[in-house]
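J.: Here's a structure for you.
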Amino acid sequence: SVVASDANLIYTFEINTGSKSDKTVINEDRTRMKEAVTSGICRSSKRFMDAQITITYKYISAKSKVKLFQFDVSQVDCYKLYGIK
């Protein structure tokens with residue numbers, strides 16, 4: 001789903017974690033997911049970043065409906081990623 005709240009777009013995704021437990025996914029996959037999501041948003045959502053809109057990606061377990069991750073990406077995060085001050 002996608003919801004707008006002030007200057008924030010919130011995308012919610014359900015993911016099938018397969019045989020991994022929610023706790024395992026949270027502990028093992030968070031860092032890798034954060035890097036990939038931040039990089040992807042900064043590349044594909046430049047218009048939103050330039051307009052100072054924060055994009056939130058929230059991931060929940062398809063089985064348990066538990067929130068696994070939430071990443072809030074703003075223009076500042078993209079600047080940091082690309083070494084811009």
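J.: Looking only at region 71-85, how many residues end up being more than 14 Å from Lys34 (Cα to Cα), among the polar types (S, T, N, Q) and assigned to a loop (DSSP other than H, G, I, E, B)?
T.: Adding up the residues that qualify gives 0.
J.: Taking the condition of being closer than 14 Å to Ile60 by Cα, of a type in the set (D, E, K, R) and open to solvent by 90 Å² or more (accessible area, probe 1.4 Å), how many residues in region 1-40 meet it?
T.: Going through region 1-40 one residue at a time, the tally reaches 3.
J.: Could I ask something else about it? Just checking, how many residues over region 28-70 are farther than 21 Å from Ser5 by Cβ, among the hydroxyl-bearing types (Ser, Thr, Tyr) and assigned to a helix (DSSP H, G or I)?
T.: Matching residues across region 28-70 total 2.
J.: Moving on. If you take the residues in region 41-60 that are among the polar types (S, T, N, Q) and open to solvent by 60 Å² or more (accessible area, probe 1.4 Å), which one is nearest to the chain's Cα centre (by Cα)?
T.: So in region 41-60, the residues among the polar types (S, T, N, Q) come out as 44-45, 52, 54, 56.
So of that shortlist, the ones also open to solvent by 60 Å² or more (accessible area, probe 1.4 Å) come out as 44, 52.
Details: Ser44: 13, Gln52: 16 Å.
For region 41-60, the residue satisfying everything is Ser44.
J.: Pick out the one residue from Lys65, Lys80 that is open to solvent by 60 Å² or more (accessible area, probe 1.4 Å) and either at positive phi or among the small types (Gly, Ala, Ser) (or both).
T.: On the way: Lys80 fails: either at positive phi or among the small types (Gly, Ala, Ser) (or both).
The conditions single out Lys65.
J.: Among the residues of region 61-80, write down those that are within 14 Å of the chain's Cα centre (by Cα) and among the polar types (S, T, N, Q).
T.: We begin by selecting, within region 61-80, every residue within 14 Å of the chain's Cα centre (by Cα); these are 67-75, 77-78.
Matches in region 61-80: Gln70, Ser74, Gln75.
The values are calculated or read from the model by the stated rules, or taken from the named source; none is laboratory data. Everything numeric here is computed off the predicted structure, so don't read it as measured data. With ideal geometry, Cβ positions are generated from the backbone for all residues, glycine too; neighbour counts draw on all protein chains shown. Surface areas here come from the heavy atoms of the whole protein model, side chains and all, with no ligands, DNA or RNA. Shrake-Rupley method; radii C 1.70, N 1.55, O 1.52, S 1.80 Å.
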